[in-house]
């Protein structure tokens, strides 16, 4: 049984880990204190609304007589301060929040065992100019081919599905991703022992496979039906098989890397296969369990959806604003995971989180205004 009072206290305590770690560089004689900015961001994050709207809601709740047709001065002040922060300053602030959050998680023995993690790219769609700094070209999606892109490393175990590390990228070329992967793995290793890394087809590249191998991590990567993979499929009559395979890059810089190709029947499509490459020795008997383990990486999609539930809406093209708000969403998501983990042993219904995001929102936003 989970008592509302305890869940509320934990949620408020968790949110304080975030808010005490933020510095908006406000001045003592400023028109609005940083506490106002925190409340606007939290409301925007939970409501998925623009800060100008949530700032007006906050001011109206206080009984202020504001101009409803003009932009909120409180929101303008918040955005002004966010634009004044450098990306390095923003990263450092949220690095501190992450360290404190994971210190509390470690005390709860959240990372007592090695964890499986997944690498992926989160695309925050952008509808402005392609010349906007830090915007990445992507495949067309919902009316745009532009996005602010973030590579993330998440734990796939549902009980501790923390986002361990993330960073922005301006392109998804192999060189950029290689360096990003190295930094993310190094960051994650400060907090957990990595058991295995899962990646989708976007990471099926010789350079990236070499990087994962150099980092001495066990990996499983979804393989697209390339010419080489199709040739291997044609060479085997059985639906489940394991074989040595060589990935080849013919365009400069050329490269080759030896892996193990694991093929099992597709779960939902007849006459189709799920193809994976890995650097571990796999027997045919272990092929299906490995594929089942890989399917759990789709938990990262749940993480992305939940992170989206904490992401404020914005039309700002300023990278500092986008970076701050995305890292704010990741931090708030991790704190929700922390609260759920602290209450995990008290659950009666084990197939759902101890506290829903809706209730977590209610508990955090129930802090008195003033």
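The values are calculated or read from the model by the stated rules, or taken from the named source; none is laboratory data. These numbers come from a predicted model, not from an experiment. Virtual Cβ from ideal backbone geometry, glycine too; neighbours counted across all protein chains shown.
Residue 277: closer than 20 Å to residue 240 by Cβ, without any contact (Cβ under 8 Å) to a residue 40 or more places away in the chain and not in a helix (DSSP H, G or I), yes or no?
Criteria not met by residue 277.
For residue 360, state whether it is closer than 21 Å to residue 158 by Cα, crowded, with 23+ Cβ neighbours inside 10 Å and modelled with pLDDT under 95.
When the stated conditions are applied, residue 360 passes them.
Read through the list (1) within 30 Å of residue 96 (Cβ to Cβ); (2) in contact with a strand residue (DSSP E or B) (Cβ under 8 Å, 6 or more places away or on another chain), then give the number of the only condition that residue 201 fails.
Every condition holds for residue 201 apart from (1).
Taking residue 217, is it surrounded by 13 or more Cβ atoms within 10 Å (Cβ to Cβ), closer than 24 Å to residue 119 by Cβ and either at pLDDT below 95 or more than 32 Å from the chain's Cα centre (by Cα) (or both)?
no
Step by step: first the residues of segment 155-172, then only those that are touching a strand residue (DSSP E or B) at 6+ places or on another chain (Cβ under 7 Å) and more than 22 Å from residue 96 (Cβ to Cβ), then the one that is modelled with the lowest pLDDT. Which residue is that?
157
Could you please find all residues in segment 225-261 being surrounded by 14 or more Cβ atoms within 10 Å (Cβ to Cβ), touching a residue at least 40 places away in the same chain (Cβ under 8 Å) and either in contact with a helix residue (DSSP H, G or I) (Cβ under 6 Å, 6 or more places away or on another chain) or part of a strand (DSSP E or B) (or both)?
Answer for segment 225-261, where residues must be surrounded by 14 or more Cβ atoms within 10 Å (Cβ to Cβ), touching a residue at least 40 places away in the same chain (Cβ under 8 Å) and either in contact with a helix residue (DSSP H, G or I) (Cβ under 6 Å, 6 or more places away or on another chain) or part of a strand (DSSP E or B) (or both): 240, 241, 242, 247, 249, 255, 257, 259.
If I ask for residues that are surrounded by 12 or more Cβ atoms within 10 Å (Cβ to Cβ) and assigned to a loop (DSSP other than H, G, I, E, B), which ones from segment 115-135 would you list? Please lay out each step first, then the result.
As a first pass, look at segment 115-135 and keep what is surrounded by 12 or more Cβ atoms within 10 Å (Cβ to Cβ): 115-126, 128, 132, 134-135.
Scanning segment 115-135 gives 126, 128, 132, 134, 135.
Select from segment 56-92 the residues that are without any contact (Cβ under 8 Å) to a residue 60 or more places away in the chain and touching a strand residue (DSSP E or B) at 6+ places or on another chain (Cβ under 9 Å) and list them in ascending order.
The answer is 75, and nothing else.
For segment 194-214, indicate whether the set of residues that are part of a loop (DSSP other than H, G, I, E, B), surrounded by 12 or more Cβ atoms within 10 Å (Cβ to Cβ) and at pLDDT below 95 is non-empty.
Our first condition is that a residue be part of a loop (DSSP other than H, G, I, E, B); within segment 194-214, this holds for 200, 204-205.
Checking the rest, the ones that are also surrounded by 12 or more Cβ atoms within 10 Å (Cβ to Cβ) come to 200, 204-205.
In the following step, the residues that additionally are at pLDDT below 95 were identified as 200.
Within segment 194-214 (the criterion being part of a loop (DSSP other than H, G, I, E, B), surrounded by 12 or more Cβ atoms within 10 Å (Cβ to Cβ) and at pLDDT below 95), the answer is yes, since at least one residue qualifies.
Which condition breaks for residue 186 when tested against (1) in contact (Cβ under 8 Å) with a residue 24 or more places away in the chain; (2) within 18 Å of residue 94 (Cα to Cα)?
Exception for residue 186: condition (1).
Can you pull out the residues in segment 173-193 that are assigned to a helix (DSSP H, G or I), in contact with a strand residue (DSSP E or B) (Cβ under 6 Å, 6 or more places away or on another chain) and within 15 Å of residue 217 (Cα to Cα)?
Those that are assigned to a helix (DSSP H, G or I), in contact with a strand residue (DSSP E or B) (Cβ under 6 Å, 6 or more places away or on another chain) and within 15 Å of residue 217 (Cα to Cα): 184, 187, 188.
Report, ordered by the first and then the second residue, all pairs with beta carbons closer than 8 Å, sequence separation of six or more or different chains, a first member in segment 129-146 that is touching a residue at least 12 places away in the same chain (Cβ under 8 Å) and at positive phi, and a second member that is surrounded by 14 or more Cβ atoms within 10 Å (Cβ to Cβ) and assigned to a strand (DSSP E or B).
134/148; 134/168
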